[in-house]
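To start, the structure itself, in structure tokens.
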Amino acid sequence: MLEKRLIEDILGIAVSTGADFAEVYCELTRNSSIRLLDGRIETISDTTVSGVGIRAFLGTRTVYGSTSDISRKGLEKCAGAVAAAMGDEKLPKSVRLTERIFPNIHPVKIVPTDADMKIRTELLREGCSAAKEYDSRIVQVVGGLASVDHTIQIANTEGLLTSDRHIRTRMVVDATASSGEEMQSGRFGPGRGMGLETFELFPPKEIGITAAKEAITNLTASYCPAGKMTVAIENGFGGVIFHEACGHSLEATSVGTGTSQMCGKLGQKIANEKVTAIDDGTIPGAWGSVNIDDEGNPTRRNVLIENGVLKSYMIDRLGSRRMGMPMTGNSRRESYKYEPTSRMTNTFIDNGPDKNEDIISSIEYGLYAKSMGGGSVNPLTGEFNFAVSEGYMVRNGKICEAVRGASLIGTGAEILMNIDMVGQNLATGQGMCGSSSGSIPTDVGQPLIRVSSITVGGKG
């Protein structure tokens, strides 16, 4: 990390041509991963990312520069380029920093990169073997175990100097099943903002079996019928629909520029009264949690929607200036190469008033989406399309045969109003979210929910 005096000098250069604010973001990140293909080591990777990002503000105008040269000469050159892009009037300024230490609410027991490679490989091999041995129709298993050790230092012209270290660990197992005529896949990839103790919560054997079960289920499934129907979406990664169809529309990235369907709706009812949605970066050990965001603000619990009413947006510094609202600890970026912007952390629909068994028994005819896959969304309109990775038909209140090829199609505004039952088994799923500031870890989540009517894409 950088010396305090050097950072003060760099900040002074960055605001020397008229900027009203500047910040320095220094990063040192070690990424380590192992990949197995059918039990054999395919790749082992250990990389380091190191560099500095410098940003200057003048009102809502920003200039951003980054460099991997962290010598005084390299940093002065980068800060000078930022200042030159901001203006040409020379206004020498001095900056004085005061260090602030924030509490660490995400302790780590076993730092992954401190553990022997053999230990990590055997954990992954255990998960892959369990998938392979689950059924003779599993013909290929690919597994990966990745860890990130991320240290940052942040300083700005308001006098803040702080730092943080965050570690996260994840195992992903992909299983492919074959009938001899066709193939289907299954996947499971839990992760935590923790060390190798992650696998005390998620035993590798269970990870592998979960992936294999999904692959076998899809291999024997019939195609899902298409049409409007009632859909029950299971907990965990089912929350990806809220994340994509609504969460991005609540980020200042789109709200502050007037390109969100949620602009100007604070205090208005935008969802069924059973829906309360939260973004919380303070959950200990969660995949999307951090002690401080990438502008040096402590993360917090933000109630976005309460009993159907829009209560808050997720706001970074630039969004705060544009919107005239306080920052919420949601500024994030993939690395020093990216200018930060407002992003989600751990975003979920909270537990509701309904019993899970009542949700299923209430459906005369519909779809039970046990697990969700990827999809796409337009933040301006809220239109989305998401794949169901494991689904079942529901008839007369009973879960029946497995179906495949299903997708859920609709808009964020529509689905929020049509969520008419919310269960009580809140769980989260892990993913990597891509946006203008790169790819970052985020948790999505919900309990079992019922959507009274939604378009299901399928066959026929």
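Results, tabulated for the structure shown:
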item	result
Any hit, the range 423-445, residues being of a type outside the set (Gly, Ala, Ser), closer than 22 Å to Ser362 by Cβ, in contact (Cβ under 8 Å) with a residue 60 or more places away in the chain and part of a strand (DSSP E or B)	no
Residues (modelled with pLDDT under 95 and buried (at least 22 other Cβ atoms within 10 Å of the Cβ)) located in the range 378-388	Pro379, Gly382, Phe384, Phe386
Candidate set: the range 417-460, residues that are within 11 Å of the chain's Cα centre (by Cα) and hydrophobic (A, V, I, L, M, F, W, C); chosen: the one surrounded by the fewest Cβ atoms within 10 Å (Cβ to Cβ)	Met432
Flag if Gly180 is assigned to a loop (DSSP other than H, G, I, E, B) and of a type in the set (Gly, Ala, Ser)	yes
Checking Gln261 against (1) over 15 Å from the mean Cα position of the chain (by Cα); (2) buried (at least 18 other Cβ atoms within 10 Å of the Cβ); (3) within 18 Å of Ser437 (Cα to Cα); (4) of a type in the set (S, T, N, Q), the condition it does not meet	(3)
In the range 313-327, residue surrounded by the most Cβ atoms within 10 Å (Cβ to Cβ) [restricted to those that are out of contact with any Ser or Thr (no Cβ under 7 Å at 6 or more places or on another chain) and not aliphatic (A, V, I, L, M)]	Tyr313
Near pairs, Cβ below 8 angstrom, 6+ apart or cross-chain, from the range 372-384 (closer than 22 Å to Gly236 by Cβ and aromatic (Phe, Trp, Tyr)) to any residue that is at pLDDT below 80 and surrounded by 15 or more Cβ atoms within 10 Å (Cβ to Cβ)	Phe384/Gly375; Phe384/Val377; Phe384/Asn378
Qualifying positions in the range 337-351 - assigned to a loop (DSSP other than H, G, I, E, B) and surrounded by 24 or more Cβ atoms within 10 Å (Cβ to Cβ)	Pro340, Arg343, Met344, Thr345
Residue in the range 349-358 that is among the aliphatic types (A, V, I, L, M) and over 28 Å from the mean Cα position of the chain (by Cα) present	no
Criterion violated by Glu181 - all others in (1) of a type in the set (D, E, K, R); (2) within 17 Å of His106 (Cβ to Cβ); (3) over 18 Å from the mean Cα position of the chain (by Cα) satisfied	(2)
Qualifying residue in the range 85-97 (condition: touching a helix residue (DSSP H, G or I) at 6+ places or on another chain (Cβ under 6 Å), at pLDDT 95 or above and of a type in the set (Gly, Ala, Ser))	no
The range 134-166 - residue that is of a type in the set (Asp, Glu) and within 29 Å of Lys205 (Cβ to Cβ) and, of those, farthest from the chain's Cα centre (by Cα)	Asp135
Leading residue by the ranking (surrounded by the fewest Cβ atoms within 10 Å (Cβ to Cβ)) among those in the range 96-144 that are basic (Lys, Arg) and in a helix (DSSP H, G or I)	Lys118
Some residue of the range 15-37 being within 16 Å of Gln153 (Cβ to Cβ), out of contact with any Pro (no Cβ under 6 Å at 6 or more places or on another chain), among the small types (Gly, Ala, Ser) and not in a strand (DSSP E or B)	no
Unique match (being out of contact with any helix residue (DSSP H, G or I) (no Cβ under 7 Å at 6 or more places or on another chain), buried (at least 17 other Cβ atoms within 10 Å of the Cβ) and either aliphatic (A, V, I, L, M) or closer than 27 Å to Ile167 by Cβ (or both)) among Val63, Val24, Val52, Val15	Val15
All strands (runs of 3 or more DSSP E) inside the range 207-323 with 1 or more residues being in contact (Cβ under 8 Å) with a residue 24 or more places away in the chain, within 22 Å of Glu401 (Cβ to Cβ) and touching a helix residue (DSSP H, G or I) at 6+ places or on another chain (Cβ under 9 Å)	227-233
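For (1) more than 30 Å from Ile10 (Cα to Cα); (2) surrounded by fewer than 24 Cβ atoms within 10 Å (Cβ to Cβ); (3) basic (Lys, Arg), each residue gets a yes or a no:
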position: Leu161; (1), (2), (3): no, yes, no
position: His166; (1), (2), (3): no, yes, no
position: Val172; (1), (2), (3): yes, yes, no
position: Ala177; (1), (2), (3): yes, no, no
position: Glu181; (1), (2), (3): yes, yes, no
position: Pro190; (1), (2), (3): yes, yes, no
position: Pro203; (1), (2), (3): yes, yes, no
position: Ile207; (1), (2), (3): yes, no, no
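The values are calculated or read from the model by the stated rules, or taken from the named source; none is laboratory data. Only a predicted model underlies this, so the values are computations on that prediction, with no experimental measurement involved. Note that each Cβ is placed from the backbone with ideal geometry, even for glycine, and that neighbours are counted across all protein chains shown.
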